[in-house]
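What follows draws every value from the coordinates through simple rules; no lab data is involved. For clarity, every value in this text was computed on a predicted model and none was experimentally measured. Cβ sites come from the backbone with ideal geometry, for glycine too, and all protein chains shown count toward neighbours.
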Amino acid sequence: MSKEVLVIHGGAGRYRQSLQEERKEIEKTLRGALEDGFKALKSGSSLDAVEEAVKAMEASGILNAGKGAALNLLGEQERDASVMFGKNLSFGAVASVKYTWNAVTLARRVMEKTDHVFLVGSGADKLAEILGLDPAGKPSNRLQERYVELIKMVGEKDYELWRKNFEVAKHFFSD
Amino acid sequence: TVGAVAIDKEGNLSAATSTGGLWLKLPGRVGDTPLPGAGVYAENGVVAVSATGIGELIARYLASVKVAFKVKSGLIVEKAVEEVVGEITKLFGQENSIGLIALDSHGRIGLATNCEVFIRGFISTEKGPMIALLANE
């Protein structure tokens, strides 16, 4: 009989001032994810626990996943997710998903309902639609404002996460 | 990026990771999150791992399965995650590039990062819930 443990993360990176403003909401999200995940752990498997905990963080909109997913160069949200079950190394993953915010559940569906381990783009979106996963809404105002701020930084060549994209990125915009 | 690792009463280990990726990524860009052995790994009797950070580096280093190799070779999980973070930092010369959460088959927790911010939490039958946002908290 093993003890039951659940560990979560909500991301890692450089400190930004906005973290203080969002602190309360992030802490509330973490507590909710631990609660949902541990409830699932008590009644089900560790796979249920990690899915529920990650789903709660995807639903929050405050972390970089699910509803809160960062915007790509064109201002769209594309989500990636994966699940792995240690008992038999079962695995499911999705990438570049636009249809639903709940990418982790879609990854688990790939593992349990298909013969594949990884679905991307329009195929993953089609599966999400067929399985009735919750459609993603528009990105929040907070995300759209951040996008505008970063596009400006790119214009001023002040964007630290780009080392090469400057050249190719400009071809994504007509003007 | 968000993630979770868990062990249940039957000793089954699981891991999950989910992300929006990098801000202003090129359309179609995929990092480490959906790659087994990179952003996520789980193997009963060894460890469950979820990674966050700069996906291009984590993917190239296969960070999660590197933790599993180290645990399998007898290193305790706390040390295994610290070593992988140190190796990535040294190899790529980039701070603020990775965070790892891990859980071994005895329910021991490993947390390590080279970032200023590391949003994390845990809960168990014995302790918690505990949460923290800054790496030094």
Return the pair list, or none, for Cβ contacts closer than 6 Å from residues in region A:77-100 that are at the interface with chain B (Cβ under 8 Å from one of its Cβ atoms) to residues that are surrounded by 22 or more Cβ atoms within 10 Å (Cβ to Cβ) and charged (D, E, K, R), at least 6 apart or on different chains.
A:83/A:108; A:95/A:80; A:96/A:78
In this structure, does residue B:75 turn out to be under 17 Å from residue A:13 (Cα atoms) and surrounded by 15 or more Cβ atoms within 10 Å (Cβ to Cβ)?
no
Across region B:103-112, what is the number of residues that are in contact with a helix residue (DSSP H, G or I) (Cβ under 6 Å, 6 or more places away or on another chain) and either at the interface with chain A (Cβ under 8 Å from one of its Cβ atoms) or part of a loop (DSSP other than H, G, I, E, B) (or both)?
1
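Determine whether residue A:163 is basic (Lys, Arg) and surrounded by 13 or more Cβ atoms within 10 Å (Cβ to Cβ).
It is false that residue A:163 is basic (Lys, Arg) and surrounded by 13 or more Cβ atoms within 10 Å (Cβ to Cβ).
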For region B:37-86, how many residues meet the condition of being touching a strand residue (DSSP E or B) at 6+ places or on another chain (Cβ under 9 Å), in a helix (DSSP H, G or I) and under 23 Å from residue A:70 (Cβ atoms)?
7
Which one is nearest to the other protein chains (Cβ to nearest Cβ), of the residues in region A:114-168 that are in contact with a helix residue (DSSP H, G or I) (Cβ under 8 Å, 6 or more places away or on another chain) and among the hydroxyl-bearing types (Ser, Thr, Tyr)?
A:159
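Which one is surrounded by the fewest Cβ atoms within 10 Å (Cβ to Cβ), of the residues in region A:1-18 that are at the interface with chain B (Cβ under 7 Å from one of its Cβ atoms) and over 18 Å from the mean Cα position of the chain (by Cα)?
Filtering first and then ranking leaves A:1.
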Return the total of residues in region A:24-76 being more than 17 Å from residue B:18 (Cα to Cα), within 7 Å of another protein chain (Cβ to nearest Cβ) and part of a loop (DSSP other than H, G, I, E, B).
3
